[in-house]
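Reading through the structure tokens given below for one structure.
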Amino acid sequence: MRWSQLYVPTLREDPADADAASHRLLVRAGFVRQLMAGHYSLLPMAVRVRGKIVDVVREEMARIGSQEWILPAVHPAEIWQRTGRWEGMGEEMFRLKDRKGADLALGMTHEEIFTTLAQELSSYRQLPQMWYQFQTKFRDEPRPKSGLLRVREFTMKDSYSFDLDQAGLDRSFDLHHAAYTRIFARVGIPAIPVQASSGSMGGSASVEFMSPTPAGEDLVVHCPACRYAANVEKADSALPAAADGEALAAPERFDTPEARTIEELARLHGVPAEQQIKTLVLVADGRPLLALVRGDHSLVEQKLLDATGARTVRPADADEIKGLLGALPGSLGAVGVAGLTSGTDGTDGTDGTGLTGLTVLADHALAGRTGMTTGANQDGVHLRGVDVARDIAVTRWADLREVRAGEPCVQCGEALEVVQTVEVGHIFKLGRKYTEALDVTVLGQDGAAVKPIMGSYGIGIERAIAAIVETHHDEKGIAWPVAVAPFEVAVVPIGKADEQTAAVVDDLYGRLRAERIDVVLDDRDERPGVKFADIELVGIPYRITVGPRGLKDGVVEVTTRATGETVQVPVAEAAAQVAALVRAAVAPLAG
């Protein structure tokens, strides 16, 4: 390919609205253009990178025996309704009607559709099956941002496995885990596999592959000593015991008119945050509940969803809280709350509340605590000397808190680290949720009917492009790994054009193409500085510079983009040496 034939609209200035490095550089280097929020056009250079990522994924899927399909992106509502996800997916699902009024959806994922196709499986002899596709997905993200990292329309490689039993699912899951590890290594994404919540997907096990980046919105807790790693939505730690406050025979009320926060109660009344109970009033699937965590801890919403099985949760508003507990935020507590029965006058005779009973979820860190302080459900009043076991009727204990950096690892006790990341892959053990809902049955070896057990495995292709750039860039631009670079080598003639330079350039270009190297010839009538700046911005791994001065000595210059190192190479050896560099960079990973 000749640069004069390419469409590469590079920019000299950063786009004003780009917050992530990948967003800024992919726009500047002429890879993407935004159509509207969350929707991007991939320009020719991005399509080349995308194609190479897809090729790597295809190779690794073939290695584990998975078969490629192409399924529709528009789905009938009825299939999603049968699995309960038509409503469960909430507002992120794009819904529409056709001209006949039928309800349809733009596919967010394809568990339902692949499972419908699996209805043609009839015997255990046909299992296991592993199927995958590359398909456009649509998600109505409320806040699309950071270029390709969070969008509303994207390509996903989604895989699905069907096995006869749990042992088979474990094998399929492990095969995908290994394949994903190889994929991310080959394309140059540093990916940490972490324990994760299954969320709306359901299932018994979930692993996310997370790539560290300041632009990420997910926090990963990991231990550098033993390699424990989990999404903050799933992470746990060996939390040290906290000192209790003064034990009392019964909770004691005290006035706190100026203390409405954990910090104010600590500062004005000398109650350490770890001796306070934070009471949160939430509405899960339309039903109010109380969530209790230690005063110095934060609630993880996904942990609460996992603990309750709820699909949605939101904070209760001030009027709802006042109606439930008789006080406003800042003086709330669970002492005497759960199991209360209202009288006919709408009161229960205890602190003015009108409760008929509330679910009370408490974090494990509160178990066995005494001498604690919490709100009295009266504005400007708190209770001290609270014994959690004695004074609070906890409905259910659960892991609700957010793990923080420095806490001891749950496996080895070393200090944990918290890293900002972006999810680049996610694998689930789905179980039989979908095969049961959509009535997929095969005959087992003993002739009995069996519901196959499923797994689901996804990689966002465009997000992978962005994640690569987040890791591989510098002040000059993108520095693509060789395996996914739009071109592996750029041949750049400089100086006054003459027959010798032209002949060497054409010969190098032809030799590299003969070696099956992805090469571009920068034949533009531009100054060397302009050519070099564009090639560095675009991120081509190797540059061969051909000029009259070097040719007098029989050499050309070979520059490595990742390191900036430039060496002189004899003209006759240049094509073979650069081809060897390209193969050396790719071969160990591809093997």
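The values are calculated or read from the model by the stated rules, or taken from the named source; none is laboratory data. For clarity, every value in this text was computed on a predicted model and none was experimentally measured. Heads up, the Cβs are rebuilt from the backbone with ideal geometry, glycines too, and the neighbour counts pull from every protein chain shown. With ligands, DNA and RNA removed, areas are computed over all heavy atoms of the protein, side chains included. Shrake-Rupley method; radii C 1.70, N 1.55, O 1.52, S 1.80 Å.
Along region 544-558, what does the Karplus equation 6.51 cos²θ - 1.76 cosθ + 1.60 (θ = phi - 60°) give for ³J(HN,Hα), rounded to whole Hz, x for Gly and Pro?
10, 9, 10, x, x, 5, x, 5, 4, 9, x, 10, 10, 9, 10
Val546's amide H: which non-local residues (gap 5+, or another chain) put their own amide H closer than 5 Å, with H modeled 1.01 Å from N in plane and none for Pro or chain starts?
The answer is Val492, Ile494.
Residue by residue, what Karplus-based ³J(HN,Hα) values in Hz, rounded to whole numbers, does region 48-53 have, using 6.51, -1.76 and 1.60 with θ = phi - 60° and x for Gly and Pro?
Using θ = phi - 60°, the values come out as 5, 5, 4, x, 6, 5 Hz.
Determine, for each peptide in 79-86, 459-466, 294-301, the mean count of other beta carbons within 10 angstrom over its residues, then list the peptides with the highest first.
Working: 79-86: 18.2, 459-466: 25.2, 294-301: 20.0.
Taking the mean over residues of other Cβ atoms within 10 Å, the ranking is 459-466, 294-301, 79-86.
According to the square roots a ≥ b ≥ c of the eigenvalues of the Cα gyration tensor, what is the shape class of region 6-157, taking rounded for a/c under 1.5, prolate for a/b larger than b/c otherwise, and oblate for the remainder?
Numbers: a/c = 2.83, a/b = 1.47, b/c = 1.92.
It comes out oblate by the Cα gyration axes.
With r defined as the distance between the Cβ atoms of Glu515 and Ala185 and R0 fixed at 25 Å, what FRET efficiency is calculated, to the nearest 0.05? The partial results should precede the final answer.
Values: r = 25 Å, r/R0 = 0.98.
So, using R0 = 25 Å, E works out to roughly 0.55.
So for the chain, taking the charge dipole from beta-carbon charges (+1 Lys/Arg, -1 Asp/Glu), which of Pro528, Ile494, Leu324 sits furthest toward the positive end?
The residue sitting farthest along the positive end of the dipole is Ile494.
Translational D (Stokes-Einstein, µm²/s) of region 94-146 at 37 °C and 0.692 mPa s when Rh comes from the Kirkwood sum over C-alpha pairs?
Details: Rh = 14.2 Å.
Translational diffusion coefficient: 232 µm²/s.
For the chain, what is the largest minus smallest coordinate of the Cα atoms on each principal axis, given in angstrom and ordered from greatest to least?
101, 67, 52
If I take every Cα pair under 8 Å that is 6 or more residues apart in region 184-336, average their sequence separation and divide by the length, what percent do I get for the relative contact order? Don't jump to the answer; show the numbers that get you there.
Working: 187 pairs, mean separation 25.2, N = 153.
Answer for region 184-336 is 16 percent.
How tilted is helix 166-187 with respect to the longest principal axis of the chain? Cα atoms for both, answer in degrees (0 to 90, nearest 10).
Helix 166-187 and the main axis of the chain meet at about 50 degrees.
Return one whole number: the accessible area per residue of the chain in Å², for a 1.4 Å probe. Spell out each step's value before the answer.
Details: 25980 Å² over 591 residues.
Per-residue value: 44 Å².
What is region 474-588 by shape, rounded, prolate or oblate, if you read a ≥ b ≥ c off the alpha carbon gyration tensor as root eigenvalues and call it rounded for a/c under 1.5, prolate for a/b larger than b/c, and oblate otherwise? Could the numbers behind the result be given before it?
Numbers: a/c = 1.71, a/b = 1.23, b/c = 1.39.
Here region 474-588 falls in the oblate category.
Scan region 1-68 for trypsin sites (Lys or Arg not before Pro) in coil per DSSP, keeping those whose Cβ has at most 12 other Cβ atoms within 10 Å, and list them by number. List each step's numbers first, then the result.
On the way: sites: Arg2, Arg12, Arg24, Arg28, Arg33, Arg48, Arg50, Lys52, Arg58, Arg63; in loops: Arg12.
In loop regions of region 1-68 (DSSP not H, G, I, E or B), the sparsely surrounded trypsin sites (Lys or Arg not before Pro) are Arg12.
Give me a comma-separated list of calculated 3J(HN,Hα) values for region 402-413, in order, Karplus coefficients 6.51, -1.76, 1.60 applied at θ = phi - 60°, integers in Hz, x for any Gly or Pro.
8, 6, 10, 4, x, 5, x, 4, 5, 9, 10, x
Rounding to the nearest 10 and keeping the result within 0 to 90°, find how far the Cα-based axis of helix 571-590 lies from the longest principal axis of the chain.
Result, in degrees: 30.
Given the options Val419, Gly375, Tyr434, identify the residue whose Cα lies farthest towards the positive end of the charge dipole of region 357-434 (+1 on Cβ of Lys, Arg; -1 on Cβ of Asp, Glu).
The one lying farthest along the dipole's positive direction is Tyr434.
Could you state the angle between the C-alpha long axis of helix 461-471 and the longest principal axis of the C-alpha atoms of the chain, as a value from 0 to 90 degrees rounded to the nearest 10?
Orientation of helix 461-471: about 80 degrees from the principal axis.
Where the accessible area of the chain is counted over protein heavy atoms with a 1.4 Å probe, how much of it, in %, is carbon and sulfur? Don't skip to the end; give the middle numbers.
On the way: 12920 of 25980 Å².
Within the chain, the accessible surface is 50 percent carbon and sulfur.
Please state the relative contact order of region 255-341 as a whole percent: Cα pairs under 8 Å, 6+ residues apart? Mind dumping the intermediate values first?
Working: 94 pairs, mean separation 22.6, N = 87.
After rounding, I find 26 percent.
Rounded to the nearest 500, what is the chain's calculated 222 nm mean residue ellipticity when only DSSP H runs of at least 4 contribute -39500 (n - 2.57) each, over all residues?
Helices in the chain give a 222 nm mean residue ellipticity of -8000 deg cm²/dmol.
Mean separation of Cα pairs under 8 Å and 6+ residues apart, divided by the residue count of the chain: what relative contact order is that in percent? Walk me through the numbers on the way to the answer.
On the way: 1272 pairs, mean separation 101.0, N = 591.
Value for the chain: 17 percent.
Check Arg150: other-chain or 5+ apart residues with amide H under 5 Å from its amide H, H built from backbone geometry?
Long-range HN contacts for Arg150: Lys145.
If I model a spin label as a point 7 Å beyond the Cα along the Cα-Cβ vector, how far apart are those points for Asp19 and Met36 in nm?
Distance between the two pseudo-spin positions: 2.1 nm.
What residues qualify as long-range amide H neighbours of Asn377, i.e. H under 5 Å apart, gap of 5 or more or another chain, H built at 1.01 Å from N?
Sorted by chain and number, the residues that satisfy this are Leu332, Gly333.
Structure shown: which of Lys145/Lys303; Lys97/Lys429; Lys100/Lys429; Lys52/Lys496; Lys97/Lys303; Lys52/Lys137 lie over 28 Å apart, alpha-carbon to alpha-carbon?
On the way: Lys145/Lys303 25 Å; Lys97/Lys429 32 Å; Lys100/Lys429 37 Å; Lys52/Lys496 36 Å; Lys97/Lys303 35 Å; Lys52/Lys137 20 Å.
Distance filter (> 28 Å) returns Lys97/Lys429; Lys100/Lys429; Lys52/Lys496; Lys97/Lys303.
What is the distance, in nm, between label points placed 7 Å from the Cα along the Cα-to-Cβ direction at Asp174 and at Ala250?
Using points 7 Å along Cα→Cβ, the separation is 6.0 nm.
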